[in-house]
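**Student:** After the structure tokens below, expect a handful of questions from me.
All of the numbers you see were taken from the coordinates with simple rules; none came from a lab. Just so it is clear, the structure is predicted and the values come from calculations on it, not from any experiment. Please note: Cβ atoms are built from the backbone with ideal geometry, for glycine as well, and neighbour counts cover all protein chains shown.
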Ligand code: NAX
């Protein structure tokens, strides 16, 4: 049996970077056949159709079928995995409330369509921004599906953080483990190195030898660099992160299905862990066990870390309040 994967915004940049890697087996491995459903809005259909032609020309052994549509009922039909990439970007002069309202108009109906048409085991990853609150809206709109089936992508932030630590220590990135992201996928996020290791040794000890005052380095260099990396990419590349975002989305969905042997990060629904208000979609350190994300519990957060987590969670609360004020939740 093939796995059906729906990609929204498939005619866009990240969609283009995702499709061919999925067809090549990077998400589900070399033995699992895939059926792709590309969901777009009418303006994006031609680009998605073009990508479908190229998928055809790729003659991928694992690719059984490609469907391109602008109808959510068809787009989510039978989906086992859904990668929600398409979102409304912030336009010039657009206030946050307008942005949230525009995206509620996308993720509310998509959540409903997923509940009605996707497979019973569907797992949803929201990439389109504001990802955490979009995931919250989709989950709240998907009657009958547990909120645990909806997640927001913060894996790119984690990958950026691990890569920055590796560079600072002049160590291979593969040697760096446990650098979770807490809170919102936004500039308030808290990338946390306090439990991280480099080849099994505490990263904090290794950093102290390299950067001097670690707290100053974290505050002035590391955290701003990670949190503003998206803007840096736009400045240097002239376009937002695409391949690295697609890579992170594939890693997130792959780990969800196939499990992890250590912590990673994902925006998942809070049940009150670490004092994060219940129902918010916040990033936490997580493990994937038997197809479900589990929040890593019992970690110490000192006062400084606590304040950072709280600030990012406060932003998520504000976003939820703004969406509630629109009558969406
Ligand atoms: P593009 O503008 O290239 O593509 C977006 C595509 O979505 C377009 O083809 C558009 O027609 C389509 N679309 C819009 N509304 C839709 C709807 N209701 N249903 C189906 N399709 C719809 O943007 P791209 O560079 O691909 O980025 C996509 C999203 O990813 C943006 O919201 C962006 O902010 C977000 N990102 C999230 C990241 C994360 O880590 N969570 C990192 C990368 C990226 O910034």
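**Student:** Percent antiparallel among DSSP beta bridges with both residues in the chain, to the nearest 5?
**Tutor:** For the chain, the DSSP antiparallel bridge percentage is about 45.
**Student:** Just to be sure I understand: of the beta bridges DSSP finds with both ends in segment 86-244, what percent are antiparallel, rounded to 5?
**Tutor:** On the way: 6 of 9 bridges.
Of the beta bridges lying entirely in segment 86-244, close to 65 percent run antiparallel.
**Student:** Another one. Under 1.5 on a/c is rounded, so check that first for segment 194-329, then, if it is not, pick prolate when a/b is larger than b/c and oblate when it is not; a ≥ b ≥ c are the square roots of the alpha carbon gyration tensor eigenvalues. Before the final figure, lay out each step's value.
**Tutor:** Values: a/c = 1.28, a/b = 1.22, b/c = 1.05.
Rounded shape, in that the Cα axes give a/c under 1.5.
**Student:** Moving on to the next point. For a label point 7 Å from the Cα of residue 90 along Cα→C-beta, name the residues of segment 104-145 whose backbone N is under 11 Å from it.
**Tutor:** Label zone hits: 130.
**Student:** For segment 42-139, rounded, prolate or oblate, judged on the Cα gyration tensor with a ≥ b ≥ c (square roots of eigenvalues), a/c < 1.5 rounded, else prolate if a/b > b/c?
**Tutor:** Working: a/c = 2.36, a/b = 1.47, b/c = 1.61.
Since a/c reaches 1.5 but b/c is at least a/b, the shape of segment 42-139 is classed as oblate.
**Student:** Compute the label zone of residue 31 within segment 290-307: residues whose backbone N is under 18 Å from the point 7 Å along Cα-to-Cβ.
**Tutor:** Only 290-291 pass the distance filter.
**Student:** Which FRET efficiency value, to the nearest 0.05, is calculated for residue 187 and residue 120 with the Förster distance at 22 angstrom and r the Cβ-Cβ distance?
**Tutor:** Approximately 0.05, to the nearest 0.05.
**Student:** Still on this model: Taking the alpha-carbon set of segment 92-151, what are its Rg and Dmax in Å?
**Tutor:** Using the Cα atoms of segment 92-151, the pair Rg, Dmax is 11.8, 41 Å.
**Student:** What number results when the radius of gyration of the chain, computed over Cα atoms, is divided by 2.2 N^0.38 Å?
**Tutor:** Cα Rg divided by the expected 2.2 N^0.38 Å: 0.97.
**Student:** Principal axis lengths of segment 169-242 from Cα atoms, whole Å, largest first?
**Tutor:** Its Cα atoms span 37, 23, 22 Å along the three principal axes.
**Student:** Tell me, Kirkwood radius of segment 56-98 from alpha-carbon pair distances, in Å? Don't skip to the answer; put the middle values down first.
**Tutor:** Values: mean 1/r = 0.0715 Å⁻¹.
Every distinct Cα pair counted, the radius reaches 14.0 Å.
**Student:** Going by a ≥ b ≥ c, the root eigenvalues of the Cα gyration tensor, does segment 84-190 fall in the rounded group (a/c under 1.5), the prolate group (a/b larger than b/c) or the oblate group?
**Tutor:** The shape class here is oblate.
**Student:** Identify the residues of segment 148-170 with backbone N under 12 Å of a label point that sits 7 angstrom from the Cα of residue 239 along the Cα-to-Cβ direction, or state none.
**Tutor:** From segment 148-170, the list is empty.
**Student:** With a cut-off of 8 Å between alpha carbons and a minimum separation of six or more residues, what is the relative contact order of segment 205-288 in percent?
**Tutor:** 18
**Student:** If you don't mind, there's one more thing I want to ask. Which value does Rg/Rh take for segment 12-97 over its C-alpha atoms, Rh per Kirkwood?
**Tutor:** Using Cα coordinates only, the ratio equals 1.02.
**Student:** Sum -39500 (n - 2.57) across every DSSP H segment of at least 4 residues in the chain, then divide by the residue count to get the 222 nm mean residue ellipticity, nearest 500.
**Tutor:** Result for the chain: -13500 deg cm²/dmol, rounded to the nearest 500.
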